[in-house]
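Participant: Pasting a structure here, questions to come.
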Amino acid sequence: MECFLAVVEEGAITRAAERLHMSQPPLTVRLKTLEAELGVELLHRHGRGVEPTAAGRIFAERARRLLTEVDSTAEAVRSVGHGISGHLTIAVGGSVAPNLLANLVGRLSSEAPEVSVAVTDRHDAAVLDRVLHGEADAGLLHLVPLDLAARPRTLETAVAAREPLVAVLREDHPRAADERADLSLLTREPLIAPSRASAPGLLTQLLATWRANGGEDDQLRETDSTTTTLALVQAGLGVTMMPAALADVAWSGLRKLPLRQHHPAIETAIAWRTGETSPVLQRLLRIALSTPEPDVLGPDHARPLPDPQTVAASR
């Protein structure tokens, strides 16, 4: 078809051969083979060159359409194969910091603007369920530490972000003016935290830190959303701890403080089905797992270094 169209557009077999970077005899053979296969004459040869017959004009019109469709099909296949077009569904746990999702989807959109992304909000347990049953391609959630053995073999997980815990207090709380929150003083109050149903992984980590600093389980008040947690804190019903990035949603009237006590970093995981080969998902995973090593929590949360003069004096 490409050879035939070149001849029609050039009006001469010689010029068409030059355009196609081939010699004239093989081109002539291809044209005759095409006419033999179709059983009709496609070209009328005359002294000035060639021109299409009535059948040739129809064939040229259809050939242009077919070749355009072939090119667009090839481009579409390449786009999907390279993960720059397609569809992706992400299930997000309610305790996941909004900026993590924004960063991942923003970078994906920048790299592959033709990918359509659907996002669903779920409790963390439901996130894993949707991924396992193919209702979502990937999920973001807080996992219970050291529960790898309990996870299905059909599920893969990896750390997408690490961040410290911060305390969130009422602005007029007696300890709100402190530089850092001392949990040994705050554990006398109720702890408002995500429920076991909504974010079991995050709750497990919060309780471990709470207990390590003298807190009791009977002081726990569970909620199903971040906004409800913050509203109860502002109402004076207790204090809360949450991952630093999640605490960024705290509004006026609340104060967030880094913790004085050492504690493990809170990990947010990305989950996907084992053996999943979707190029779009692979692109998202590359983005999610290419973040800088997040063990360094930044100057706002680093523990203060001792004053050299104080250390010298103590010696």
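What follows draws every value from the coordinates through simple rules; no lab data is involved. Everything quoted here is computed from the prediction, not taken from an experiment. For neighbour counting, all protein chains shown are included, and Cβ atoms are generated from backbone atoms with ideal geometry for every residue, glycine included.
Participant: Hey, what did the chain get for relative contact order, percent, Cα under 8 Å, at least 6 apart? Write down the numbers at each step before the final one.
Facilitator: Details: 500 pairs, mean separation 67.6, N = 315.
Worked out over the chain, it gives 21 percent.
Participant: Assign unit charges at the C-beta atoms only (+1 for Lys and Arg, -1 for Asp and Glu), then state the dipole size of the chain relative to its Cα centre in Debye, rounded to the nearest 20. Display every interim value, and only then the final one.
Facilitator: Details: 32 positive and 40 negative charges, 95 e Å.
Using only the charged Cβ atoms, the result is roughly 460 debye.
Participant: At a 10 Å Cβ-Cβ cut-off, how would you order His87, His263, His133, fewest neighbours first? Numbers along the way, then the final one.
Facilitator: Working: His87 12, His263 18, His133 9.
In order of increasing Cβ crowding within 10 Å: His133, His87, His263.
Participant: Another question about this same structure. Among DSSP bridges having both ends in the chain, what percentage is antiparallel? Round to the nearest 5.
Facilitator: Details: 25 of 43 bridges.
About 60 percent, rounded to the nearest 5.
Participant: May I pose another question? For the peptides 64-71, 250-257, 200-207, 237-244, what is the packing order when you average, over each peptide's residues, the other Cβ atoms within 10 Å and list the highest mean first? Numbers along the way, then the final one.
Facilitator: On the way: 64-71: 11.0, 250-257: 15.8, 200-207: 21.6, 237-244: 23.6.
Result, highest mean Cβ count within 10 Å first: 237-244, 200-207, 250-257, 64-71.
Participant: Same structure, new question: Gap in Å between the Cα centre of the stretch 7-24 and the Cα centre of the stretch 195-249?
Facilitator: Comparing the Cα centres of the stretch 195-249 and the stretch 7-24, I get a distance of 76 Å.
Participant: Okay, next question. Once the Cα gyration tensor of the stretch 2-81 is found, what semi-axes does its equivalent ellipsoid get, as square roots of 5 times the eigenvalues, in whole Å, sorted largest first?
Facilitator: Working: eigenvalues 131, 46, 25 Å².
For the stretch 2-81, the ellipsoid semi-axes come out as 26, 15, 11 Å.
Participant: Shape call for the stretch 165-264 from the C-alpha gyration tensor, a ≥ b ≥ c root eigenvalues: rounded (a/c under 1.5), prolate (a/b greater than b/c) or oblate? Please list the in-between numbers first.
Facilitator: On the way: a/c = 1.38, a/b = 1.09, b/c = 1.27.
It is rounded, given that a/c, with a ≥ b ≥ c, falls under 1.5.
Participant: What nm value, rounded to one decimal, do you get for the distance between Val119 and Leu5 when each label is placed 7 Å out toward the C-beta?
Facilitator: Calculated label separation equals 4.3 nm.
Participant: Can you figure out the FRET efficiency of Gln282 with Arg64, using R₀ = 41 Å and their beta-carbon distance, to the nearest 0.05? Walk me through the numbers on the way to the answer.
Facilitator: Numbers: r = 36 Å, r/R0 = 0.88.
Plugging the Cβ-Cβ distance into 1/(1 + (r/R0)^6) gives 0.70.
Participant: Let me have the relative contact order for the stretch 2-81, percent, based on Cα pairs under 8 Å that are six or more residues apart.
Facilitator: Values: 62 pairs, mean separation 22.5, N = 80.
Relative contact order here is 28 percent.
Participant: Of the labelled options [x] 32.5, 109; [y] 17.3, 49; [z] 20.3, 64, which one gives Rg and Dmax of the Cα atoms in Å as computed for this structure?
Facilitator: Checked against the structure: label [x].
Participant: Here is a follow-up. Let me know the charge dipole size of the stretch 148-243 about its Cα centre in debye, to the nearest 20, where only the beta-carbon of Lys, Arg (+1) and Asp, Glu (-1) is charged. Don't jump to the answer; show the numbers that get you there.
Facilitator: Details: 10 positive and 13 negative charges, 74 e Å.
Charge dipole of the stretch 148-243: 360 debye, to the nearest 20.
Participant: Under the 0.36 nm per residue contour assumption, what length would be gained going from the current alpha-carbon distance of Arg57 and His21 to full extension?
Facilitator: Values: separation 36, 0.36 × 36 = 12.96 nm, distance 2.41 nm.
Taking Arg57 through His21 to full extension adds about 10.6 nm, to one decimal.
Participant: Okay, moving on. Sticking with the crude label model, points 7 Å out along Cα→Cβ, report the distance from Lys32 to Arg196 in nm, one decimal please.
Facilitator: 8.6 nm
Participant: Excluding Gln219 itself, what net charge comes from residues whose Cβ is under 13 Å from its Cβ, given Lys and Arg +1 and Asp and Glu -1?
Facilitator: Values: positive: Arg188, Arg211, Arg221; negative: Glu189, Glu216, Asp217, Asp218, Glu222.
Residues near Gln219 contribute -2 overall.
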